[in-house]
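A quick write-up on the structure given underneath.
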Amino acid sequence: MQNQLLLGYFREHLFVADIDADTTAGVLGQLVEPLLKNSLIKNKTIILETLQKREALGSTSIGRNIAVPHCRTLAVSEVIIVVGISPGGVDFNAPDGEPVNLFFLIVAPPQDTHNHYLPILGKIVEIVRNDDIRASLLQCGTYGEFIETLEEGLR
């Protein structure tokens with residue numbers, strides 16, 4: 001996955017800087033809300049059920065205050081990423097036991113014609129494993145700060 005291609009998936013209207021939920025279900029609801037608000041889905045119930053089933057298989061938190069909830073669903077026609085920041089952190093059953101502050105929700109159709117779903121997932125995990133980039137991303141409070149930090153980290 002090329003860095004510029006990844007950057008093209010991030011949108012300001014799909015950035016949630018103030019997640020205040022204190023449960024996994026609450027976080028997922030707040031992450032899915034911009035999809036409904038921006039008419040990218042018609043009903044959030046299907047996506048929420050799919051995401052919750054995925055979380056029941058094992059947490060999508062990768063530790064170090066990061067989670068990448070993801071699913072495939074007929075509710076979308078293309079890969080979409082929603083970024084969420086929880087300033088206070090949320091217990092997301094992380095492997096390291098730490099709260100999660102930064103979420104990358106990835107939803108994709110079952111048939112991703114460009115086959116970007118897994119490369120996007122892998123690239124995000126690769127990026128946030130870098131201690132400096134992750135620390136900087138965790139400090140972002142706006143979309144502008146987030147995308148600038150991400151661009152710097154991808155250079």
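The values are calculated or read from the model by the stated rules, or taken from the named source; none is laboratory data. No experiment lies behind these values; they were computed from the predicted model shown. Positions of Cβ are backbone-derived with ideal geometry, glycine not excepted, and every protein chain shown enters the neighbour counts.
Assorted remarks:
- Residues in region 3-32 that are hydrophobic (A, V, I, L, M, F, W, C) and either more than 24 Å from residue 148 (Cα to Cα) or surrounded by fewer than 18 Cβ atoms within 10 Å (Cβ to Cβ) (or both): 5, 7, 10, 17, 21, 25, 27, 28.
- Strands (runs of 3 or more DSSP E) (entirely within region 38-124) containing at least 2 residues that are touching a Phe, Trp or Tyr at 6+ places or on another chain (Cβ under 9 Å): 70-72, 80-90, 100-108
- Residue that is modelled with pLDDT under 90, at negative phi, out of contact with any His (no Cβ under 7 Å at 6 or more places or on another chain) and surrounded by fewer than 18 Cβ atoms within 10 Å (Cβ to Cβ), where the choices are 153, 122, 88, 141: 153
- Selection within region 25-38 - within 14 Å of residue 50 (Cβ to Cβ) and among the β-branched types (Val, Ile, Thr): 32
- Candidates 117, 143: the one that is touching an Asp or Glu at 6+ places or on another chain (Cβ under 8 Å), in contact (Cβ under 8 Å) with a residue 40 or more places away in the chain and not basic (Lys, Arg) is 143.
- Restricting region 33-51 to residues that are β-branched (Val, Ile, Thr) and touching a strand residue (DSSP E or B) at 6+ places or on another chain (Cβ under 8 Å), the residue that is surrounded by the most Cβ atoms within 10 Å (Cβ to Cβ): 47
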